[in-house]
Amino acid sequence: MTLREKITEDMKAAMRGGDKERLSLIRMLQAAIKQREVDERITLDDAQTLTVIEKMIKQRKESVVQFEAGNRPDLVAKESAEIAALGAYLPQQLSAAELDALIRESIAASGATSVKDMGKVMATVKAKAAGRADMGAVGARVKALLAG
């Protein structure tokens, strides 16, 4: 079953179960996927669909920061619930040890010696860890390993 099929099945289940908030979120996800397909005139595969989901999660994390700063716990809770629901479509996240091993392997493979080579390392890590790690945290970790 493809990721798109799973999303569609979850939408049907939310409709049957009367879960309006989940249904709304899944419809929003499907709209974002469809929008990208129309914009780029392609049919998204699972990897590209994961990219859309990651983007939506990132937007919600940014919203959480803003809502916390604005002292809006109700909206923080709503966005956090959406992050958790969208996160269910992502593959299992890499552990810290697995991520460090992947970064070290990428540094060795690319021959990176300084922070100037960070782009090469990030490209390799991004290809191998797509959807399984927060690339913002990965970037900070790569930078720390290359600097130290």
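The values are calculated or read from the model by the stated rules, or taken from the named source; none is laboratory data. Quick caveat, the model's predicted, so the values are computed rather than measured. Please note: Cβ atoms are built from the backbone with ideal geometry, for glycine as well, and neighbour counts cover all protein chains shown.
Quick grid of which residues meet (1) within 17 Å of the chain's Cα centre (by Cα); (2) exposed (fewer than 15 other Cβ atoms within 10 Å of the Cβ); (3) of a type in the set (A, V, I, L, M):
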position	(1), (2), (3)
GLU5	no, yes, no
ASP10	no, no, no
LEU25	yes, no, yes
VAL38	no, yes, yes
THR43	no, yes, no
**Complete:** Restricting the stretch 20-68 to residues that are touching a helix residue (DSSP H, G or I) at 6+ places or on another chain (Cβ under 7 Å) and among the hydroxyl-bearing types (Ser, Thr, Tyr), the one farthest from ALA88 (Cα to Cα) turns out to be THR43
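Just one of ALA137, ALA130, ALA112 is touching a residue at least 60 places away in the same chain (Cβ under 8 Å), touching a Leu at 6+ places or on another chain (Cβ under 9 Å) and small (Gly, Ala, Ser); which is it?
Values: ALA137 fails: touching a residue at least 60 places away in the same chain (Cβ under 8 Å); ALA112 fails: touching a residue at least 60 places away in the same chain (Cβ under 8 Å).
None of the other options fit; the residue is ALA130.
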**Asked** In the set LEU44, LEU90, which member is in contact with an Asp or Glu (Cβ under 8 Å, 6 or more places away or on another chain) and within 30 Å of GLY148 (Cβ to Cβ)?
**Response** LEU90
**Asked** Out of the stretch 106-127, which residues are farther than 16 Å from ALA144 by Cβ and surrounded by 14 or more Cβ atoms within 10 Å (Cβ to Cβ)?
**Response** SER110, LYS120, THR124, LYS126
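Return yes when ALA101 is within 21 Å of GLY136 (Cα to Cα) and loosely packed, with under 14 Cβ neighbours inside 10 Å and no when it is not.
On the way: within 21 Å of GLY136 (Cα to Cα): yes; loosely packed, with under 14 Cβ neighbours inside 10 Å: yes.
Answer is yes for this residue.
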**Request:** Would you confirm whether any residue within the stretch 6-14 is without any contact (Cβ under 8 Å) to a residue 12 or more places away in the chain and assigned by TED's automatic domain parsing to the domain that holds ALA137?
**Result:** no
